[in-house]
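The values are calculated or read from the model by the stated rules, or taken from the named source; none is laboratory data. Please read these numbers as outputs of a predicted model, since none were measured by experiment. Positions of Cβ are backbone-derived with ideal geometry, glycine not excepted, and every protein chain shown enters the neighbour counts.
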Amino acid sequence: MSELTCGEILIESLANQGPAPVFSIPDGTYNILFKWAHDNAEKRGMTFVTPRHEAAGVHMADAFARVTGRPAITVLGAGPGAANGLAGVICAHCEDIPMVVVSTTRRTDLIYPPRGGMQVFDQKAVFESVCKFNARVTNVERIPELVGTAYREALTGIPGPVHIEIPEDIMNKKIDTKGIEFTPKVDAGALQSAGDAGAVEESAKLLVESEEPMIHAGAAVIRSGAWAELIELAEYLGCPVTTSPGARGSIPEDHPNSIHTACGMARAALSQSKLVLAVGCKFGELDFFGKAPLWGPTANQKLIHIHISPERVGVNRKADVAIVGSAPVVLRQLLEAVKSLTPKREPHKRLKQYRDIQNMWEQGLRAKVENTDAPMATGRMILEARGFFPREAIAVMDGGNTSLWSTHYNKILGPRRLMWTSEFGHLGTGVPFAIGAKLASPDSPVYLISGDGAFGFNLMELETARRIGTPFVALVAADIAWGMEKTAQQRCFGHSDFYVNCDHHPARYDKIAQALDCFGAYVETADQLKTALKEASAANVPAVIHVAVDPVANVTPPGAELWVGSHTTK
C-alpha cells in the first residue's frame, strides 16, 4: 500500500489525460503540486509554467487550446488567485475554448458558510456561470472520476472551460491509494457525432440543385478541426466560401474559393446567394445576426445550418434545414452525399467576379498605405510584417483599431494560425496568447500585432516569455492613445477637436523590453521596420518593435463604419 496527498492524486489524474502545460503561480494552498512537478513533470510530459498574473496564465492556456485543440490546465490559488484568473476564464467561455481550471479554497473549517477567514468567497458559485462543468472535491476517492468527467465536458458539444474546486486541507491530506482507480484518457474522437441521414440527404439535394450555393464558416470549424472537409466540399461544388472573423484561416485567404471576411464581396456573396450552407456559425454580431441587407432575406435565401449544438440552430436566423452534429463528421457525410448526386463542378461564374473585385479591393488597401512613412499608417506596418513572416507563422492580434487594421491587411493562410478574441474582444490577450501559441507549436514563428494600449495590460509577461524560452516578435502600433476610443469619441462628439482621457504619456516599449532582457527596437520608417524584423527574429528571444504609427490615420481604420452601421438584430 502507498500513500499520496490528494493533490498528487489530482495531478496524476490530470496527467493521465495526456501531456499538457499547467499554468500556475506557486501558492501556499497547493505547493504540493510543484513538488510533484519537480519529481515527475518531465517524465509525464507536464510542463509547469509560472506567469506573472493569473489571468495571463489562463490566456496562455486558451491559446494552447486554440492551436492544438486540446485542453491545457490552469491552477488558481484561493481567493485572489481565483478572482484574478476569472477574467481569462470568462474570455475562454465566450470563445468556446476548452480548458481545465482548478482552484483551491481555504480550509474546510473556514468556508461555506464563511466564518471570517481571509481570502474566502463562494468560488464555485462564481465559476459556475462561465464553466460547462463545476465540481467541488468532497470525496477524495472520486478525484480521478471528477477529472475524467471534466475532460469529457470540456470536449463534448460546444467546447468550453470546466472547473474543479478543492480546499487546501483536502489538497494536502495524505490517503491510502488502495482502491483509487485512475480514469483512462478521454478519447475526443469518440465524442464526435454524425448528423441525421435524412437531413444530410435533403441538404445535398439542395446544394446540387442550387445554381450558385455558397458556404459560410463559423468559428466552430476551427474549434472542431473541420477545415479539410470544408475545403474539399467547396472545391467539389466550385462555390465561394466566406468566414466569420473568428473562423479566419479555415480556408486560406489566398485560396481560389475564399472571399475575405472584410471585403465587400463577402457581403455581396452572402446577400446574393439563393442557398447558404452555414457550418459552425452562431449568427451573432460579427455575422450581422444573419439579417438583410448583408444577408439575403429569408424569403429569397435558403439556409442549411450545421452545428454541434441544437440550442444554436435557429438563433437570429431561421434554418430551412438543420443538421445537428460534429462539423467534421457531418461535412464528410454531406460530401459523400453530394458526390453520389453530381460529378465535381467547375467554379461558379460569380466566383471569378468576386475574386477579381477582391483583388482590386486588396490593391486599393495597399495603395492607401504603401507610401506612408514617418509616420507610417498602421496598415503599412502590418503589410511589412505579413510579407516578412512565412505563411505557416501564427499571428496574434490584440487591440481595438489595431485589430481592424489587422483584419484588412494581415492575411491568414492556414487553420489555427490566428489567435484573437473575436467574440469577446478581450484586451491584453496578445502577449500571453503569443506565449501559449509558441508552447503549443514551438517550430512555428509567432508574431503579435498589438496596439500600445492593449500591449500595456500584460507586458510583464515578457519576463515570463524570456524565462521559459518562448520567443516571438511583437509589433506595437504606438499611437500613444486609446485609439479606438478616439474613434468612438469622434462619432459621439461629431468632431476631432478634442478627446477626453484617451491620450497616454509617451512610453518606449522597446526600452521596456530591453530592461526585461528581451530584444527591443524603435522604428519610424518602413526601411527601419524591415531591418528590425530581421534582427528581432534572429535574436531568438521575445522581441518588441515599437512602431511610431500615424496617430491621426489610426483614428479611422478600415471597416469602422461597417461595424457601427450594420449591427442590429432588427
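Take region 530-547 and flag every residue that is in contact with a strand residue (DSSP E or B) (Cβ under 7 Å, 6 or more places away or on another chain) and surrounded by fewer than 20 Cβ atoms within 10 Å (Cβ to Cβ).
E535, S537, A539, V541
With respect to F457, determine if the residue is closer than 25 Å to A560 by Cα, modelled with pLDDT of 95 or more, of a type in the set (A, V, I, L, M, F, W, C) and surrounded by fewer than 23 Cβ atoms within 10 Å (Cβ to Cβ).
Against the criterion (closer than 25 Å to A560 by Cα, modelled with pLDDT of 95 or more, of a type in the set (A, V, I, L, M, F, W, C) and surrounded by fewer than 23 Cβ atoms within 10 Å (Cβ to Cβ)), F457 qualifies.
Of everything in region 36-60, what is under 14 Å from M460 (Cβ atoms) and charged (D, E, K, R)? Give them in sequence order.
R52, E54
S2 - would you say it is of a type in the set (G, A, S) and over 30 Å from the mean Cα position of the chain (by Cα)?
On the way: of a type in the set (G, A, S): yes; over 30 Å from the mean Cα position of the chain (by Cα): yes.
Answer is yes for this residue.
Of the residues G364, G428, G436, G379, which is of a type outside the set (V, I, T), at positive phi and either surrounded by fewer than 24 Cβ atoms within 10 Å (Cβ to Cβ) or outside the structural domain of G246 (by TED's automatic domain parsing) (or both)?
G428
With respect to A150, is the statement that it is of a type in the set (A, V, I, L, M, F, W, C), at pLDDT 95 or above and not assigned by TED's automatic domain parsing to the domain that holds L14 true? Before the answer, list the steps.
On the way: of a type in the set (A, V, I, L, M, F, W, C): yes; at pLDDT 95 or above: yes; not assigned by TED's automatic domain parsing to the domain that holds L14: no.
No, not satisfied.
Give region 133-170 a look and list any residue that's part of a helix (DSSP H, G or I) and farther than 27 Å from A63 by Cβ, or say none. Talk me through it step by step, then tell me what you get.
Taking region 133-170 first, the residues part of a helix (DSSP H, G or I) are 140-155, 168-170.
Of everything in region 133-170, those that are part of a helix (DSSP H, G or I) and farther than 27 Å from A63 by Cβ turn out to be V140, E141, R142, I143, P144, E145, E168, D169, I170.
Kindly check whether there is at least one residue in region 211-218 that is crowded, with 16+ Cβ neighbours inside 10 Å, at pLDDT 95 or above, closer than 30 Å to P144 by Cβ and of a type in the set (G, A, S).
No, that holds for no residue.
What are the residue pairs meeting all of these: first residue in region 529-552, first residue farther than 15 Å from W405 by Cβ, second residue of a type in the set (V, I, T) and surrounded by fewer than 20 Cβ atoms within 10 Å (Cβ to Cβ), Cβ atoms under 8 Å, and 6 or more apart or on different chains?
As it stands, the answer is V544/I512, since those pairs meet every condition given.
Look through region 382-411, keep the residues that are within 15 Å of A478 (Cβ to Cβ) and of a type in the set (V, I, T), and return whichever of them is surrounded by the fewest Cβ atoms within 10 Å (Cβ to Cβ).
Only one residue tops the list, namely I382.
Does D196 satisfy being at pLDDT 95 or above and surrounded by fewer than 17 Cβ atoms within 10 Å (Cβ to Cβ)?
So D196 passes the test.
Can you say whether V324 is in contact with a His (Cβ under 7 Å, 6 or more places away or on another chain) and more than 22 Å from A560 (Cβ to Cβ), as far as the supplied structure shows?
yes
Condition check: touching a Pro at 6+ places or on another chain (Cβ under 8 Å), surrounded by fewer than 23 Cβ atoms within 10 Å (Cβ to Cβ) and of a type in the set (D, E, K, R). Does R70 satisfy that?
The answer is yes for R70.
Filter region 386-424 down to the residues that are touching a helix residue (DSSP H, G or I) at 6+ places or on another chain (Cβ under 7 Å) and of a type in the set (A, V, I, L, M, F, W, C) and list them by number.
Once the filter is applied, which keeps residues that are touching a helix residue (DSSP H, G or I) at 6+ places or on another chain (Cβ under 7 Å) and of a type in the set (A, V, I, L, M, F, W, C), region 386-424 yields F388, I394, V396, M397, L404, W405, M419, W420, F424.
Can you tell me which of S13, S103 is out of contact with any strand residue (DSSP E or B) (no Cβ under 9 Å at 6 or more places or on another chain), over 19 Å from A437 (Cα atoms) and in the same structural domain as T156 (by TED's automatic domain parsing)?
Of the residues listed, the single one that is out of contact with any strand residue (DSSP E or B) (no Cβ under 9 Å at 6 or more places or on another chain), over 19 Å from A437 (Cα atoms) and in the same structural domain as T156 (by TED's automatic domain parsing) is S13.
Which of the residues spanning region 367-376 are out of contact with any Lys or Arg (no Cβ under 9 Å at 6 or more places or on another chain), surrounded by fewer than 14 Cβ atoms within 10 Å (Cβ to Cβ) and at negative phi?
Selection gives A367 alone.
Show the residue pairs meeting these rules: Cβ distance below 6 Å; 6+ apart or different chains; first residue within region 463-491 and closer than 18 Å to C518 by Cα; second residue of a type in the set (D, E, K, R) and modelled with pLDDT of 95 or more.
Within 6 Å, the pairs are T464/R52; R466/D517; T470/K438; F472/K438; V476/D452.
Checking G414 against (1) touching a residue at least 60 places away in the same chain (Cβ under 8 Å); (2) within 25 Å of the chain's Cα centre (by Cα); (3) surrounded by fewer than 22 Cβ atoms within 10 Å (Cβ to Cβ); (4) assigned to a helix (DSSP H, G or I), only one condition comes out false. Which one?
The failed condition is (4).
Looking only at region 297-329, which residues are closer than 21 Å to E153 by Cα and of a type outside the set (S, T, N, Q)? Walk me through it before giving the result.
First, the residues of region 297-329 that are closer than 21 Å to E153 by Cα: 306-313, 324-329.
Scanning region 297-329 gives I306, H307, I308, P310, E311, R312, V313, V324, G325, A327, P328, V329.
Name the residues in region 66-80 that are touching a Lys or Arg at 6+ places or on another chain (Cβ under 9 Å) and part of a helix (DSSP H, G or I), would you?
The answer is R66, V67, T68.
Just one of the numbered conditions (1) within 17 Å of the chain's Cα centre (by Cα); (2) in a loop (DSSP other than H, G, I, E, B) is not true of G88; which one?
Going through the list (1) within 17 Å of the chain's Cα centre (by Cα); (2) in a loop (DSSP other than H, G, I, E, B), G88 breaks only (2).
So which residues in region 460-486 are part of a helix (DSSP H, G or I) and either of a type in the set (K, R) or crowded, with 23+ Cβ neighbours inside 10 Å (or both)?
Within region 460-486, E461, L462, T464, A465, R466, R467, G483, M484, K486 meet the criteria.
Out of all the residues in region 171-187, is one or more part of a helix (DSSP H, G or I) and assigned by TED's automatic domain parsing to the domain that holds G88? Show your work before the answer.
From region 171-187, those part of a helix (DSSP H, G or I) are 171; that's our starting set.
If we keep only those that are assigned by TED's automatic domain parsing to the domain that holds G88 as well, we get 171.
Yes, because at least one residue in region 171-187 is part of a helix (DSSP H, G or I) and assigned by TED's automatic domain parsing to the domain that holds G88.
Taking the stated definitions as given, is G387 free of Cβ contacts under 8 Å to residues at least 12 places away in the same chain, assigned to a helix (DSSP H, G or I) and in the same structural domain as T556 (by TED's automatic domain parsing)?
yes
List, please: which pairs have Cβ atoms under 6 Å, are six or more places apart or on different chains, and start with a residue in region 436-448 that is within 23 Å of Y409 (Cβ to Cβ) and end with one that is basic (K, R) and surrounded by 24 or more Cβ atoms within 10 Å (Cβ to Cβ)?
Within 6 Å, the pairs are V446/K438.
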